[in-house]
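Q: Submitted below is the structure of interest, expressed as structure tokens.
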Amino acid sequence: MKGKIAYSVIIPFYNEDSSVEELLGMVTKILDNLNEPYEILAVNDGSTDDTLRKLEKMRGVNSAVIPINFSSRKGQTSCLLEGFRRASGHTIISMDGDFQDDPAEIPSMLEAFRRSRADTVCGWRRNRKNPISILMISKLGNFFQRIFFNVPVHDISCTFRIYKSAAIKSIDLKREGLHRFLPFFLKRAGFSLAEKQICHKPRKYGCSKYSFRKAGQTIKIFFGLLFKKY
């Protein structure tokens, strides 16, 4: 891509070799239609399948795809933090690599970003396509964060967001799991938030990486934030 980067898209991947080529192909098509320079930072989180090879293959197809490889699994917080650190665009888009976030939503998310003039627009998966156990945990988490932290979004853990570069680059995620609380950290730092309802698709490939261990980690972090440990 030539010229100053307008958009940086950050996508963490962990054992998503079935979705890599289709997802990045769709993201590329959407961004090409925006007619502005972009980059796609595809972060491989120590995958043990064919994810890295397919990311490198996509780099050969489109030079705007920039694979970032962790030799061992670091977690989504580290993937996003590394992407934010390396991003060159003045507008940064983050989304999941499991294909449940629909790339077709990018233009409407950008429109909401421009219209709201907020520092961050958060996706709201109002009709989530997840197992009931994950939905219940998420609903409880969103409820408690709105009550105790006064964060004005309905889906605080949704990865599909758009940020002003200066806003997200100012946030330091000191430990794994803190990415789920990014709207809270942004609000605490004085940045403005908006949200937009987005389509959430059923998982097409593979299986969910969420676990009750991660749920426990999130609860622990919640109480840490409540008592101002972070």
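Q: Only one of these is over 15 Å from Q197 (Cα atoms) and either modelled with pLDDT of 95 or more or of a type in the set (A, V, I, L, M, F, W, C) (or both): L41, L110. Name it.
A: The conditions single out L41.
Q: Would you please list the contacts, defined by Cβ atoms under 8 Å and residues six or more apart or on different chains, that run from a residue in segment 151-171 that is part of a helix (DSSP H, G or I) to a residue that is among the small types (G, A, S) and crowded, with 23+ Cβ neighbours inside 10 Å?
A: Hits for this filter: S165/S8; S165/A87; K169/A87.
Q: Here is a list: I68, I10. Which entry is in contact with a Cys (Cβ under 9 Å, 6 or more places away or on another chain), of a type outside the set (K, R) and within 21 Å of R125 (Cα to Cα)?
A: That would be I10, the only listed residue that is in contact with a Cys (Cβ under 9 Å, 6 or more places away or on another chain), of a type outside the set (K, R) and within 21 Å of R125 (Cα to Cα).
Q: When you go through R126, R161 one by one, which is the residue that is touching a strand residue (DSSP E or B) at 6+ places or on another chain (Cβ under 6 Å), modelled with pLDDT of 90 or more and of a type in the set (K, R)? Talk me through it step by step, then tell me what you get.
A: Working: R126 fails: modelled with pLDDT of 90 or more.
Exactly one residue qualifies, and that residue is R161.
Q: Related question: Working only within segment 45-62, note down all residues that are surrounded by fewer than 16 Cβ atoms within 10 Å (Cβ to Cβ) and either touching a residue at least 40 places away in the same chain (Cβ under 8 Å) or touching a Lys or Arg at 6+ places or on another chain (Cβ under 7 Å) (or both).
A: none
Q: Going by the structure shown, is D119 more than 17 Å from F13 (Cα to Cα), among the acidic types (D, E), surrounded by 15 or more Cβ atoms within 10 Å (Cβ to Cβ) and at pLDDT 95 or above?
A: On the way: more than 17 Å from F13 (Cα to Cα): yes; among the acidic types (D, E): yes; surrounded by 15 or more Cβ atoms within 10 Å (Cβ to Cβ): yes; at pLDDT 95 or above: yes.
Yes, satisfied.
Residue-by-condition table, conditions (1) hydroxyl-bearing (S, T, Y); (2) in contact with a helix residue (DSSP H, G or I) (Cβ under 6 Å, 6 or more places away or on another chain):
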| residue | (1), (2) |
| --- | --- |
| T28 | yes, no |
| Y38 | yes, yes |
| V43 | no, yes |
| S47 | yes, no |
| L52 | no, no |
| K57 | no, no |
| S63 | yes, no |
| P67 | no, yes |
| R73 | no, no |
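Q: Output the qualifying pairs, or none if there are none: Cβ atoms under 6 angstrom, residues six or more apart or on different chains, first residue in segment 186-197 and more than 21 Å from R126 (Cα to Cα), second residue surrounded by 15 or more Cβ atoms within 10 Å (Cβ to Cβ) and among the polar types (S, T, N, Q).
A: Note: pairs meeting the criteria are L186/T120.
Q: Against the conditions (1) at pLDDT below 85; (2) crowded, with 20+ Cβ neighbours inside 10 Å; (3) under 21 Å from K220 (Cβ atoms); (4) within 16 Å of the chain's Cα centre (by Cα), where does H200 fall short? Just the number, please.
A: For H200, the failing item is (3).
Q: Go through (1) touching a Phe, Trp or Tyr at 6+ places or on another chain (Cβ under 7 Å); (2) closer than 26 Å to T218 by Cβ; (3) free of Cβ contacts under 8 Å to residues at least 40 places away in the same chain one by one and return the number of the condition E36 breaks.
A: Unmet for E36, out of (1) touching a Phe, Trp or Tyr at 6+ places or on another chain (Cβ under 7 Å); (2) closer than 26 Å to T218 by Cβ; (3) free of Cβ contacts under 8 Å to residues at least 40 places away in the same chain: (2).
The values are calculated or read from the model by the stated rules, or taken from the named source; none is laboratory data. Everything numeric in this text was worked out from a predicted model, so none of it was measured. Counting neighbours? That spans all protein chains shown, and the Cβs are built from the backbone with ideal geometry, glycine included.
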